[in-house]
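Notes to accompany the following structure.
The values are calculated or read from the model by the stated rules, or taken from the named source; none is laboratory data. Keep in mind that what you see is a predicted model, and the values were worked out from it rather than measured. Every residue, glycine as well, gets a Cβ built from its backbone with ideal geometry; the counts of neighbours run over all protein chains shown. What goes into the accessible areas is simple: the full protein's heavy atoms, side chains included, and nothing from ligands, DNA or RNA. Shrake-Rupley method; radii C 1.70, N 1.55, O 1.52, S 1.80 Å.
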Amino acid sequence: MKSKKLVGLALAGLMALSLTACGNSGSPSATATTKAEGQATEAGKTEAADPKGKVAKEDLKVGFIYIGDENESYTAAHYNGALDMKKALGLSDDQIIVKWNVPEDESAKDAAMDLADQGCNIIFANSFGYESYIIEAAKEYPEVQFCHATGYQAKLSGLSNMHNYFTNVYESRYVSGVVAGLKLNQMIQDGKVKEDAVKIGYVGAYPYAEVISGYTSFFLGVRSVCPQATMEVKYTNSWGSFDLEKEAADALISNGCVLISQHADTTGAPVACEAAGVPDVGYNISMLATAPKTALTSASINWAPYVTYAVQSVIDGKAIDTDWCQGYKDGAVSITELNKDAIAPGTEEKVKETEDAIKAGTLHVFDTSTFTVGGKKLETYKKDGSDVEYVSNGYFHESEFGSAPAFDILIDGITTIDK
């Protein structure tokens, strides 16, 4: 692998003459993100990378770079996907190498290069801030496939061994919102909440499109069955901080929010909700063990379909899509088990109805007839620097022009604090 690295360095030097900079790992500027989306779309459907030849399964090694560990729900979901892949493909323990708790800095590149030096044929990285470092590693190891979750720069990098992937998690967030909305209706009927004071709270990590898309889809799910609901979002400016998430949830509850959800990676919010007796909807994993009385369900991602597909592609010598995104109908998203001791009557039936409609394509989460922006229906949306029209046929086409979420609009009924 070392000798291949030298070849990769030479190639990287030549490529540097023709490629533009790919950005950095910090908070993405709206312009940079939308230019990436626009160029990817204008180039047509995302193309798969050229295959590099088959790899015997017994010779295969797969590397993973994780922002957290098994105790943090986002990484736990990714690791579960890796384990499912390992079982499905019949790989042994020594064929899987994991780097835990890797920061979003040069450590990510070091981790990627070390995995490549250990003989990994394909490497997965699960945090947004890793992307520029993974691209640097991909330049130096052109014979290794690099797959980065939640990013957007693979197409622009020009590298045949660089890939982005995500899921239509907005679909499962919408369904979890339906669960929450039905609970709100029950609380109104039971006299626990006044009909004109149905305010819910949301603990968000950062004011990025990924988070905005997520909390908006959850809110639209809520409003599909409880139209009078409003929502307040409080940011922690951290992907995973138990203390900050618990503090944010406590603040939202103190401010009158009667139900809480989250796009943050720990159990901080569910712990706060259980203590306060406030219903909550989690993320990534079931929160029933943490909040047995108040957890309703969680919006979750199943990473196994992508990881299995990508690793099998390496074994078969087949191309891996540069940009990959799937949803309910492909088994990539779902909600976790429903807490039958906490959900409202009729929830199971309504969930099935909603999931079936999403799978059939008859329900579009970002249907523009279901929300307004500044009091007006959203008729068109193009991001700065892009000619891509996201609104057509009556809905916003989320994650159809690239795997990374694009919906970054503040709709009526939602307020945000602590950006």
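The table below gives the values:
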read-out: C-alpha long axis of helix 304-316 to longest principal axis of the chain, angle in °; value: 10 degrees
read-out: Residues of segment 308-336 with amide N under 15 Å of a point placed 7 Å along Cα→Cβ from Lys57; value: 308-317
read-out: Residue (of Ile315, Thr347, Asn101) at the positive-pole extreme of the chain, dipole from beta-carbon charges; value: Ile315
read-out: Accessible-area composition of the chain, carbon plus sulfur, in percent [1.4 Å probe]; value: 49 percent
read-out: Among Ala269, Ala88, Ala229: highest mean-square fluctuation, GNM of the chain, C-alpha pairs under 10 Å; value: Ala88
read-out: P(r) weight above 18 Å for segment 98-181, C-alpha pairs, percent; value: 44 percent
read-out: Simple spin-label estimate for Asp117 and Ile417 in nanometres, 7 Å along Cα-Cβ; value: 4.9 nm
read-out: Of all DSSP beta bridges in the chain, antiparallel share, percent nearest 5; value: 15 percent
read-out: Sequence-separation-based contact order of segment 145-246, relative, with Cα cut under 8 Å and 6+ spacing, percent; value: 29 percent
read-out: Crossing angle, helix 73-89 versus the chain [Cα axis fit, 0-90 degrees, rounded to tens]; value: 50 degrees
read-out: Candidates Thr380, Thr236, Thr297: whichever shows maximal mean-square fluctuation once the chain is modelled as a Gaussian network with Cα springs under 10 Å; value: Thr380
read-out: Sparsely packed GluC sites (Glu not before Pro) within segment 347-384, loop by DSSP, other Cβ within 10 Å at most 11; value: Glu379
read-out: The chain - charge dipole about Cα centre, Lys and Arg +1 at Cβ, Asp and Glu -1, debye rounded to 20; value: 380 debye
read-out: Hydrodynamic radius of segment 324-395 per Kirkwood, over alpha carbon pairs, in Å; value: 15.1 Å
read-out: Computed label-point distance, nm, for sites Gln189 and Asp105 using a 7 Å Cα→Cβ extension; value: 5.4 nm
read-out: Sites Asn71 and Lys340 - FRET efficiency at Förster radius 30 Å, r taken between beta-carbons, to 0.05; value: 0.65
read-out: Diffusion coefficient, µm² s⁻¹, Stokes-Einstein with Kirkwood Rh over alpha-carbon pairs of segment 121-236 at 4 °C and 1.567 mPa s; value: 79 µm²/s
read-out: Computed over the chain: relative contact order in percent, which uses C-alpha pairs under 8 Å that are six or more apart; value: 21 percent
read-out: Stretchable slack from Asp367 to Lys329, in nm (0.36 nm times residue separation minus alpha-carbon distance); value: 11.8 nm
read-out: Trypsin sites (Lys or Arg not before Pro) within segment 173-282, DSSP loop, no more than 16 other Cβ atoms inside 10 Å; value: Lys192, Lys194
read-out: Contour minus Cα-Cα distance for Asp93 and Lys377 (0.36 nm per residue); value: 96.9 nm
read-out: In segment 260-411, lysine pairs closer than 26 Å at Cα, eight or more apart or cross-chain; value: 13
read-out: Segment 286-378 - charge dipole about Cα centre, Lys and Arg +1 at Cβ, Asp and Glu -1, debye rounded to 20; value: 280 debye
read-out: Option label - Cα extents along the principal axes in Å computed here, alternatives [x] 69, 53, 41; [y] 67, 57, 40; [z] 71, 45, 38; value: [z]
read-out: Fully extended contour minus Cα-Cα distance, from Gln228 to Glu389, at 0.36 nm per residue; value: 54.9 nm
read-out: Whole-number accessible area per residue in Å² for the chain, which is evaluated in the context of all protein chains at 1.4 Å; value: 40 Å²
read-out: Overall form of segment 72-117 per C-alpha gyration tensor (a/c, 1.5; a/b vs b/c); value: oblate
read-out: MRE, 222 nm, helices only [DSSP H, n ≥ 4, -39500 (n - 2.57), over the chain, to nearest 500]; value: -12000 deg cm²/dmol
read-out: Using alpha-carbon coordinates, inclination of helix 131-140 to the longest axis of the chain, degrees; value: 10 degrees
read-out: Reciprocal mean inverse distance between Cα atoms of segment 369-419 - Kirkwood radius, Å; value: 12.3 Å
